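Enquirer: Would you mind keeping the following structure in view while I ask a few things?
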Amino acid sequence: MNPIMETMLNHRSVRKYTDEAISDEMLASIIACGQAAATSSFIQAYSVINVSDPEHRAKIAAAAGGQVWVEKAPRFLVLCADLKRIDHCCQQEGLGALEGQAEHFLAASVDVGLMAQNMMLAAESLGLGCVFIGGIRNDPAVVAELLELPDQVFPAFGMCLGWPDQDTEVKPRLPVDVVLHQGKYRTDAVPEQVAAYDQAMSEYYQARSSNQRVSNWSEQTAAAVQRKKREHLLAFLQGKGFLKR
Ligand SMILES: Cc1cc2nc3c(=O)[nH]c(=O)nc-3n(C[C@H](O)[C@H](O)[C@H](O)COP(=O)(O)O)c2cc1C
């Protein structure tokens, strides 16, 4: 174990912040750390919008299902998967415009995810607390309109950052040997592994210091996934030039 690994293992999402500001310099270094992440074919397919307008924040918080931390966080960023610049390069090089290939959508989505996680780790190493906001995909059209996102750019998720004003426990993850398969994928152990983890998470949910509940992992995640079908997404993404073939 080293300090970087300890920071990683100490991660917990933070949704309550003090009023202390985050300087532009600090934000720029966090974003530079994000940009240091590996990027598919070096395309750097991401953009970050720093949203400071309180009205925009309020509208985005409402679109995200009333997440007050989107309004209150010292910084709120929208992380976009961005093929706009690469589309420009393709046309400049006489190779034709991008045509909405699934491969490029996936590459841009992975790029922005890797960048965001590097940013979160950098921020947490400075003592900041953060939470990602997938809730912006409830109404990506509103977000895209407010932020004037062009074609080939979609708002993947948001990120709140601030100095923590809450101390929550680390959420236990699945045991390593459940996610690490040796040589081939094993499905036979799934029911038993999920049952054991449900038991562990049920104990965690009942014992944690805030937001206690009688529940388990299966119940929480199944409900969350089925609640977030977001069936408008395919049409929205296709309207922005993604996922056409
Ligand atoms: C892409 C992504 C989107 C998320 N969206 C939200 C969100 O909209 N609101 C929220 O409160 N938490 C959101 N989260 C945080 C997760 O709920 C959280 O990471 C998960 O429950 C594990 O808890 P932990 O981060 O404290 O370990 C999101 C996380 C990710 C990776």
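The values are calculated or read from the model by the stated rules, or taken from the named source; none is laboratory data. What you see is a predicted model, and the numbers here were worked out from it, not measured in a lab. So basically every Cβ, Gly included, is an ideal-geometry build from the backbone, and we count neighbours across all protein chains shown.
Enquirer: Between a residue in region 81-109 that is farther than 21 Å from PHE236 by Cα and any residue that is not in a loop (DSSP other than H, G, I, E, B), which pairs come within a Cβ distance under 9 Å, given they are 6 or more apart or on different chains?
Expert: Final answer for the pair search is LEU95/CYS89; GLY96/CYS90.
Enquirer: Mind counting the residues in region 1-30 that are at pLDDT below 95 and within 11 Å of the ligand (Cβ to nearest atom)?
Expert: Adding up the residues that qualify gives 0.
Enquirer: Go through (1) under 14 Å from ASP151 (Cβ atoms); (2) over 16 Å from the mean Cα position of the chain (by Cα) for GLN101 and report which single condition fails.
Expert: Failed condition: (1).
Enquirer: Could you tell me whether any residue of region 31-45 is assigned to a strand (DSSP E or B), within 16 Å of the ligand (Cβ to nearest atom) and surrounded by 13 or more Cβ atoms within 10 Å (Cβ to Cβ)?
Expert: no
Enquirer: Which of the residues belonging to region 78-116 are out of contact with any helix residue (DSSP H, G or I) (no Cβ under 8 Å at 6 or more places or on another chain) and within 14 Å of the ligand (Cβ to nearest atom)?
Expert: Hits for region 78-116 are SER109, VAL112, GLY113, LEU114.
Enquirer: Inspect all residues belonging to region 75-91 and state whether any of them is farther than 19 Å from LEU149 by Cα and within 16 Å of the chain's Cα centre (by Cα).
Expert: Yes, that holds for at least one residue.
Enquirer: Another one. How about region 55-69: which of its residues are outside any helix (DSSP H, G or I) and near the ligand (Cβ under 10 Å from one of its atoms)?
Expert: Scanning region 55-69 gives ALA64, GLY65, GLN67.
Enquirer: Continuing with the same structure: Among the residues of region 168-188, write down those that are surrounded by fewer than 12 Cβ atoms within 10 Å (Cβ to Cβ) and either more than 21 Å from ARG12 (Cα to Cα) or touching a residue at least 12 places away in the same chain (Cβ under 8 Å) (or both).
Expert: Across region 168-188, the qualifying residues are GLU169, VAL170, ASP177, LEU180, HIS181, GLN182, GLY183, LYS184, TYR185, ARG186, THR187, ASP188.
Enquirer: Contact list please: Cβ distance under 8 Å, first residue in region 47-76 and touching a residue at least 60 places away in the same chain (Cβ under 8 Å), second residue more than 16 Å from the ligand (Cβ to nearest atom) and acidic (Asp, Glu), pairs at least six apart or on different chains.
Expert: Qualifying pairs under 8 Å: SER47/ASP82; PRO74/ASP19; PRO74/GLU20.
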